[in-house]
Each structure stands twice: as structure tokens, then as C-alpha cells.
1. In deg cm²/dmol and to the nearest 500, what is the mean residue ellipticity at 222 nm of the chain if only DSSP H runs of at least 4 residues count, each as -39500 (n - 2.57), divided by the residue total?
2. Expressed as cubic angstrom per residue, what is the convex hull volume of the alpha carbon set of the chain?
3. Hey, what angle do you get for helix 149-164 against the long axis of the chain, alpha-carbon based, 0 to 90 degrees rounded to 10?
4. Please give the length that would be gained between Lys35 and His150 if that part of the chain were fully extended, namely 0.36 nm times their separation in residues minus their C-alpha to C-alpha distance (nm, one decimal).
5. On C-alpha positions alone, give me the angle between the axis of helix 38-64 and the longest principal axis of the chain, in degrees, nearest 10.
6. Which Cα, out of Asn12, Trp22, Val154, lies furthest along the positive dipole direction of the chain (beta carbon charges, K/R +1, D/E -1)?
7. Tell me, what ³J(HN,Hα) does each residue in segment 72-77 have, in order and in whole Hz, if you take phi through Karplus 6.51 cos²θ - 1.76 cosθ + 1.60 with θ = phi - 60° and put x for Gly and Pro?
8. With springs only between Cα atoms under 10 Å, which of Asp78, Asp114, Asp156 fluctuates most in a Gaussian network model of the chain?
Amino acid sequence: MKLSATIAAEINNRFHMEMQNWFTYLQLASFFDSKPLPGFSSWLHQQAEDELNHAKRWYDYLIKRGATPVFTDIKAPDLKLTSPMQCMKLALELEEKTTESIQALYVLANKEKDFVTQFALQSLLEGQVNEMNETRNIIETLEMVGQNEHGMLVVDAQVLRGIQQPQA
């Protein structure tokens with residue numbers, strides 16, 4: 001069953017948004033790449049890789065449903081990064097915008113009675129809840145340590161350990 005033009009256009013928007021998120025996460029990671037904070041660096045690189053995988057998933061979905069992926073320019077993020085907290089808050093904003101976009105697509109799919117797309121979106125929404133929760137937890141922990149350098153190193157080590165543990 002072929003996608004409607006409206007849903008295909010929205011999925012193409014999601015495809016582009018994931019590519020833009022990938023680029024943004026790489027910039028966030030670059031803030032940590034020259035600092036002794038390998039946990040944050042690795043976590044943000046993993047987030048970037050996840051975004052790229054999401055984009056590939058949207059690409060594949062478009063193809064499987066008889067639609068054409070549309071390639072648009074990816075703009076360089078214009079971020080002036082100054083702190084780990086700022087980076088993590090920007091990461092949370094990305095995830096919140098992504099969730100809102102997926103929810104809007106879910107509503108559209110429901111309106112058009114495209115139950116296949118709705119079904120495909122359910123696992124993505126569950127993943128978004130997990131991503132936002134993980135990012136909020138890191139932000140809350142950063143708030144607890146404030147500007148304490150030792151505390152920052154402990155948080156960084158916890159983030160790194162979280163990446164190295166197998167996902168359930």
C-alpha cells in the first residue's frame with residue numbers, strides 16, 4: 001500500500017530532521033572531543049549515530065511504501081557552546097522537537113487511516129520517551145554537581161559506563 005502524498009511529505013521532513021539532528025549531535029560532541037570528558041563525548045557520538053540510523057530507517061520506510069526520499073540541504077548548526085549543561089539541554093530540546101514531530105505524524109496517520117505508519121511510529125515514540133528520560137537524568141545530575149570539577153568527572157564516568165553497558 002503506497003503512502004499518501006501528505007504522509008510521504010511528512011516522513012521526508014522527518015528524514016531531513018534526523019539528518020539535521022545527526023549534524024547537530026556531532027557539533028555537540030565536538031565540544032567534548034578536545035576535553036578530558038570521554039563519557040559525554042562518547043554519549044553524544046552515540047546519539048549522532050542513532051540519529052543517522054533513524055534517518056536510514058525513514059529512508060527505507062519511504063522506499064518500502066512506494067515513496068521517493070527527498071534530499072535537502074543540511075545546515076550547519078549555529079551553536080556557541082560553552083558548557084556541558086548547555087550541550088545537554090540542547091540535546092534534550094532536539095529530542096523534544098523530534099518527539100513532537102513524530103506525534104504530529106502519528107495524528108496525521110490516524111486521520112488518514114494509515115495504520116501501518118501508526119504501527120511503525122509506536123516503537124519510535126517509545127524510544128523517544130527513553131531518550132528524553134536519559135537526557136533529563138544527565139541534566140539533573142549535572143545540576144546536582146554544579147561547577148564542581150570533581151563532580152563533573154564523576155558524572156562523565158557514569159555517562160561512559162552507561163554507554164558501555166548493554167542495552168536491555
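1. -28000 deg cm²/dmol
2. 110 Å³
3. Its long axis makes an angle of about 40 degrees.
4. Working it through step by step, the gained length comes to 40.0 nm.
5. 0 degrees
6. Asn12
7. 3J(HN,Hα) across segment 72-77, in whole Hz: 10, 5, 9, 8, 5, x.
8. Asp78
Just so you know, all these numbers are worked out from the coordinates, no wet-lab data involved. Only a predicted model underlies this, so the values are computations on that prediction, with no experimental measurement involved. Glycine also receives a Cβ, built like all others from the backbone with ideal geometry; neighbour counts cover every protein chain displayed.
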